[in-house]
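*Asks:* First the structure, which I've put down as structure tokens, then a few questions once you've had a look.
Read-outs: derived from the displayed coordinates by stated rules, not from any lab. Since the model is a prediction, treat every value here as computed from it, not as a measurement.
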Amino acid sequence: MARKPDKRVYVRRIRTRRKLQKRRVWAPISSRKSNALQEANLRLLKELAQQIAQA
């Protein structure tokens, strides 16, 4: 019968999996700066849409 691997192996796997999940979750918005930029762009688009509607 094969020996079961040490607990350390499982701990290591879980740690790596956790790191990967963290990276995946926060991938789209890496910093607050880009988020602020997106908000500014949306605001600008809304203003342009209003101006076009009024014209």
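*Asks:* Expected output is a single nm value to one decimal: the length gained when fully extending between LEU48 and LYS7, i.e. 0.36 nm times separation in residues minus the C-alpha distance. What is it?
*Replies:* Fully extending the segment from LEU48 to LYS7 adds 8.8 nm.
*Asks:* Spelling out what I want: for every residue of region 5-13, take phi, set θ = phi - 60°, compute 6.51 cos²θ - 1.76 cosθ + 1.60 (Karplus), and round to whole Hz; glycine and proline get x.
*Replies:* Per residue, the Karplus-derived 3J(HN,Hα) values read x, 4, 5, 4, 4, 5, 4, 4, 4 Hz.
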